[in-house]
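The values are calculated or read from the model by the stated rules, or taken from the named source; none is laboratory data. The shown structure was predicted, so the numbers you read here are calculated from the model rather than taken from an experiment. In this analysis, Cβ positions are derived from the backbone assuming ideal geometry, glycine residues included, and neighbour counts consider all displayed protein chains. Side chains included, ligands, DNA and RNA excluded: accessible areas come from the protein's heavy atoms. Shrake-Rupley method; radii C 1.70, N 1.55, O 1.52, S 1.80 Å.
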Amino acid sequence: MKRLLKYIASKAKKRTTFEQSEEFQFFLDNRHFLTRLPKFSDFYEPGDEPFNVIRANVILYSYINKATMEAEIINLKSYISGNSKSNRSNFVKSFHEIISEQPYYQEGKNKIYIPFFSRSLNQIYFDEPEKILTSPYADLKDRFQDTVVDPFDTYGSELYNSHFSRLVKVMTVDKETAFFHYDTNTIYFVNEQGRLDGAVVLFDRYLRHPNYSHMLERIKPVVEAYFDFNREEFINNLYNNGFISLHLMHLIQFHDWAKL
């Protein structure tokens, strides 16, 4: 199936949409922060795969969140002078209000603002931010490399189903999740470690009048056929829902399926 997906991608229309998107511009504007994160330095050059940019932006948002939260904690520290419960309550309430506009991942009752930190450390940053003013947590502002975890291994594919990305979740089957990305018109199949298993690029160069309406509704049967490992139904559903042209369908059928 992977060879089939690559073949379909090779016939896709020439795309400039993603390179012109806010998502890509955010990456270009902020990727210099990756030089401060040696563990994720490989994301600095994402190649021509948009999904690498999507993953890199999760890291970048995490770093910006960390810096923003630490700065606001310092700004608000006057609230907790005297150690009274009311002062602490005002401090935490104000802090939560200020960071509410930052991207986060909701995991049950917990909000994860820094996915390259563990759950317990995220809980401290969010629920007990005053601890960031004291040792040993105060050291995390500048010396945090030893505490960094892989966010995709730690939080899985659901991390993309959050404010950290613009992917739209379609469905999960077993341990694999299908997401749709509107800027690239691509279906991404992501495993439980948050890595890309496969991608279906929609709308080939032979399709003269692509239909962009009701995308999620039309995508669903394509995704279901993929998860059913039904190659014939997968191709038919791509065609019947207007995602590939008749010409490309004939080209696919002309090839030896064993090679695709």
| Within straight cross-link reach of K220, meaning Cα distance under 21 Å, which lysines are found once same-chain residues fewer than 8 apart are removed? | K2, K6, K169, K175
| query | Where Rh is the Kirkwood radius over the Cα pairs of region 134-260, the temperature 37 °C and the viscosity 0.692 mPa s, what D in µm²/s does Stokes-Einstein return? | reply | 196
| said: Can you give me the accessible area per residue for region 14-55, using a 1.4 Å probe, in Å²? | reply: 63
| request: Count neighbours as other Cβ atoms within 10 Å of each site's Cβ, and list the GluC sites (Glu not before Pro) in region 186-238 that are DSSP loop with at most 13 such neighbours. | output: none
| note | Quarter of the surface of the C-alpha convex hull for region 1-135, i.e. direction-averaged projected area in nm², equals 11.2
| message | I'd like the distance separating the alpha-carbon centroids of region 2-52 and region 178-217, in whole Å. | response | 15
| query | Which of the aspartates and glutamates could be linked to K93 by a straight reach, that is with a Cα gap under 18 Å, when you skip same-chain ones fewer than 8 residues away? | reply | E70, E72, E101, D127, E128, E130
| query | Given 10 Å bins starting at zero, what is the percent of C-alpha pairs of region 78-193 in each, up to the one with the largest pair distance? | reply | 12, 35, 30, 16, 7, 1
| task | Choose one of N240, L60, F24: the residue whose Cα lies farthest towards the positive end of the charge dipole of the chain (beta-carbon charges +1 Lys, Arg; -1 Asp, Glu; about the Cα centre). | result | N240
| field | the chain: translational diffusion in µm²/s, Stokes-Einstein, Kirkwood Rh over Cα pairs, 10 °C, 1.306 mPa s | value | 78
| query | Given a 1.4 Å probe and every protein chain left where it sits, what share in percent of the accessible area of the chain is carbon and sulfur? | reply | 48
| Per residue, what accessible area does region 107-221 have, given a 1.4 Å probe and all protein chains present, in Å²? | 49
| query | What is the antiparallel percent of DSSP beta bridges lying wholly in the chain, to the nearest 5? | reply | 100
| query | Kirkwood Rh, region 95-159, all Cα pairs: how many Å? | reply | 12.5
